[in-house]
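To keep things clear, I will list the structure first and then write my remarks on it.
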Amino acid sequence: MNMNRKCRHGGLLLSAIWMLGSAGAAVAAPVFIPLPDLAGGLNISVATSVTAYGHMAAGFAGSAASAGSNGFEATRWTISGNSATATRLGDLAGSSFDSLADGISADGAIVVGEGHSTSSGSSQTEGLRWTALTGAQGLGDLPGTYSYGFYSSAKDISDDGSVIVGQSDSNLGLQAAKWTASGIEPINGLEDATGASANGSVIVGTGVDGIARRVVGTQVQSLGYLHAAKPFSAANGVSSDGRVVIGTSGALNVLNEATVEAFRWENGVMQSLGALTSDSSFRSVATSVSADGEVVVGNSAIYYFGQDRERAFIWDAEHGMRNLQSVLNDLGTTGLANWTLLGAEDISADGRTIVGWGRNGVNYAGWLVRLDAPLGSVLEEDQVAQLVTGSPVSLNQMLLGTTPTEGFTLGFDYRFTTAGGTLTVTLADELLATLTPDGDVFRTVNFAIDASHRANLLGRSNPLLQFRLEGPTGSTVLLDNILLPGLANGDFQATSLFGWSVVASDGGGVMLGVAPAPVPLPPAWLAMLGGIGLLWRRRATGKQASPGDRIPQGAAMLLARD
């Protein structure tokens with residue numbers, strides 16, 4: 001893990017394509033989307049985080065504004081179809097221009113990271129919080145100073161954006177810090193906070209003694225280490241419920257040289273995850289874990305033409321550690337011919353989108369992999385809402401309270417299983433989409449609602465969300481993973497349509513059930529896809545650093561060797 005700032009995600013994480021589903025399901029290849037830099041500066045981009053349903057990613061990129069300082073600018077990418085558009089997020093005022101985004105809320109409305117400010121100067125940083133309404137705002141640091149002067153960095157954020165964690169200088173030295181609506185406060189027991197559970201109640205990081213720790217309220221738990229000969233460890237990520245922690249621990253390779261080894265911790269037991277090679281190149285760093293704690297990602301060294309090289313890995317209990325790019329190639333992903341996936345940074349809440357960085361020819365660049373096709377046809381046990389005509393039939397929910405005023409996202413997955421029918425989607429009586437059959441697979445739709453897009457929906461009281469299906473009798477559409485602040489039962493995992501109301505006529509209706517399998521694949525594909533499916537998960541990230549260099553650790557290793 002990079003103990004010196006600039007992307008701080010120890011090697012950089014990559015998340016999960018751990019799949020387990022039906023061999024008879026029609027699974028399309030994942031979609032690979034390069035993430036552009038901001039024109040005018042360094043030809044580098046790195047994606048560090050992704051929203052709950054993958055419609056936005058955040059990170060940093062070279063830009064014209066940062067070119068003078070040879071630095072980067074915090075960036076948010078918006079995904080539309082099979083392409084990405086980069087938006088510059090600026091920097092804090094008063095010093096050299098150099099900023100990065102390190103975390104993003106579930107709906108993409110809030111981005112956190114660090115930048116240079118009047119208070120921090122150019123040698124240190126100040127944590128920042130960005131929204132479309134406010135722009136980049138400084139978060140301040142803890143009272144007092146010890147060794148770094150003014151310094152803070154925001155490294156992770158809870159799903160709803162109410163809790164931000166990171167690190168700050170203080171009168172006691174470097175301390176983990178937490179920002180809420182009440183301001184900034186130290187996190188006792190941690191020198192650095194690198195990850196937070198979905199609701200922010202469990203925070204993980206590393207203590208001043210160099211040992212990974214887990215903090216729940218006022219309770220601080222030391223997680224130990226893998227090898228007594230190298231007694232240190234660092235926590236880099238935590239599952240959504242705070243139960244599973246991942247990171248890296250000290251180790252020795254076959255030449256008895258010091259190295260690091262990925263771990264997964266649960267219920268007091270720290271488990272070694274190994275590495276992609278067992279020779280002198282042995283090295284691995286776990287950087288993120290799926291929401292349910294079952295899939296771990298990170299980077300590991302391989303021996304390649306006489307030199308070590310970093311590669312993104314994915315681990316699960318059934319398959320062990322695997323090279324992520326090899327898994328994608330096996331699934332038929334196109335567009336990877338000139339790429340080397342060096343690390344991954346985050347996975348979306350629904351497990352369908354992975355972001356990270358790699359090398360595209362001579363340039364280092366961010367990327368996003370969208371798995372909505374294979375995941376849309378998978379989990380036979382996943383429950384969805386099924387709308388069937390008579391005509392029309394509508395599924396409705398009135399949100400209690402007001403919509404956010406700083407911007408939010410409405411996203412959902414839909415799949416027509418018949419050739420007929422038209423689905424219209426409205427919020428507060430404003431038409432958002434008219435959708436028609438487009439193949440028997442799930443599609444993902446996301447709508448950004450902010451000052452520039454449908455601003456009249458900001459701050460609306462008790463708006464009604466409606467999905468209305470019309471068409472010939474028997475027209476059918478499936479809905480799942482509806483994302484909207486304040487929405488109840490958007491994933492339809494309750495035993496009833498709790499929170500929703502139904503209006504139907506002519507024998508139509510809405511029911512809960514398991515998505516039917518699409519048309520089976522040709523027999524030649526079955527062997528490759530046997531045992532492949534989806535493990536549903538919510539977002540969890542893990543990050544760590546102190547003041548210093550901003551290139552991701554894995555990238556720094558590569559730049560030093562190439």
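The values are calculated or read from the model by the stated rules, or taken from the named source; none is laboratory data. Since the model is a prediction, treat every value here as computed from it, not as a measurement. Note that each Cβ is placed from the backbone with ideal geometry, even for glycine, and that neighbours are counted across all protein chains shown.
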Subset of region 32-45, residues buried (at least 19 other Cβ atoms within 10 Å of the Cβ), among the aliphatic types (A, V, I, L, M) and part of a strand (DSSP E or B), comes to Ile33, Leu35
Every residue in region 467-517 that is within 30 Å of Ile110 (Cβ to Cβ), among the acidic types (Asp, Glu) and part of a loop (DSSP other than H, G, I, E, B), please.
Asp491
Mind counting the residues in region 459-472 that are in contact (Cβ under 8 Å) with a residue 60 or more places away in the chain and over 15 Å from Val510 (Cβ atoms)?
5
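Okay, residues lined up against (1) buried (at least 21 other Cβ atoms within 10 Å of the Cβ); (2) modelled with pLDDT of 85 or more; (3) aromatic (Phe, Trp, Tyr):
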site	(1), (2), (3)
Leu469	yes, yes, no
Thr476	no, yes, no
Leu479	yes, yes, no
Pro485	no, no, no
Ser496	no, no, no
Val503	no, yes, no
Gly508	yes, no, no
Limited to region 357-395, what total is found for residues that are under 23 Å from Ser105 (Cα atoms) and either in a helix (DSSP H, G or I) or modelled with pLDDT of 90 or more (or both)?
6
Among the residues of region 41-66, write down those that are at pLDDT 90 or above and farther than 25 Å from Leu484 by Cα.
Leu42, Asn43, Ile44, Ser45, Val46, Phe60, Ala61, Gly62, Ser63, Ala64, Ala65, Ser66
Keeping to region 424-440, report how many residues are under 17 Å from Ser475 (Cβ atoms) and in a loop (DSSP other than H, G, I, E, B).
5
For region 167-195, the count of residues that are of a type in the set (Gly, Ala, Ser) and in contact (Cβ under 8 Å) with a residue 60 or more places away in the chain equals 1
For region 67-121, what are the residues that are among the polar types (S, T, N, Q) and not in a loop (DSSP other than H, G, I, E, B)?
Thr75, Thr78, Ser80, Ser83, Thr85, Thr87
Of the criteria (1) at pLDDT below 95; (2) surrounded by 16 or more Cβ atoms within 10 Å (Cβ to Cβ); (3) touching a Gly at 6+ places or on another chain (Cβ under 8 Å), which one Ile187 fails
(1)
Can you spot a residue in region 338-349 that is more than 27 Å from Val204 (Cβ to Cβ), in contact with a Phe, Trp or Tyr (Cβ under 8 Å, 6 or more places away or on another chain) and at pLDDT 85 or above?
yes
Within region 235-274, restricting attention to residues that are farther than 30 Å from Asn199 by Cβ, surrounded by fewer than 22 Cβ atoms within 10 Å (Cβ to Cβ) and modelled with pLDDT of 90 or more, which residue is nearest to the chain's Cα centre (by Cα)?
Gly274
Subset of region 46-66, residues assigned to a strand (DSSP E or B) and over 16 Å from the mean Cα position of the chain (by Cα), comes to Ala61
Only one residue in Lys230, Lys178 is basic (Lys, Arg), farther than 19 Å from Val297 by Cα and more than 23 Å from the chain's Cα centre (by Cα), so which one is that?
Lys230
Picking from Phe60, Phe97, which residue would you name as being among the aromatic types (Phe, Trp, Tyr), surrounded by 24 or more Cβ atoms within 10 Å (Cβ to Cβ) and over 24 Å from Ala181 (Cα atoms)?
Phe60
The lone condition Val510 fails out of (1) over 26 Å from Trp77 (Cα atoms); (2) under 28 Å from the mean Cα position of the chain (by Cα); (3) touching a residue at least 60 places away in the same chain (Cβ under 8 Å) is (2)
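Conditions tested, residue by residue: (1) among the hydrophobic types (A, V, I, L, M, F, W, C); (2) farther than 24 Å from Arg370 by Cβ.
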site: Phe412; (1), (2): yes, no
site: Gly421; (1), (2): no, yes
site: Glu430; (1), (2): no, yes
site: Gly439; (1), (2): no, no
site: Ala448; (1), (2): yes, no
site: Gln466; (1), (2): no, yes
site: Ser496; (1), (2): no, yes
One residue is enough: does region 157-174 have a residue meeting the conditions out of contact with any Ser or Thr (no Cβ under 8 Å at 6 or more places or on another chain), surrounded by fewer than 24 Cβ atoms within 10 Å (Cβ to Cβ) and modelled with pLDDT under 95?
yes
Looking at (1) outside any loop (DSSP other than H, G, I, E, B); (2) surrounded by fewer than 18 Cβ atoms within 10 Å (Cβ to Cβ); (3) at pLDDT below 90, find the lone condition where Ile449 falls short.
(2)
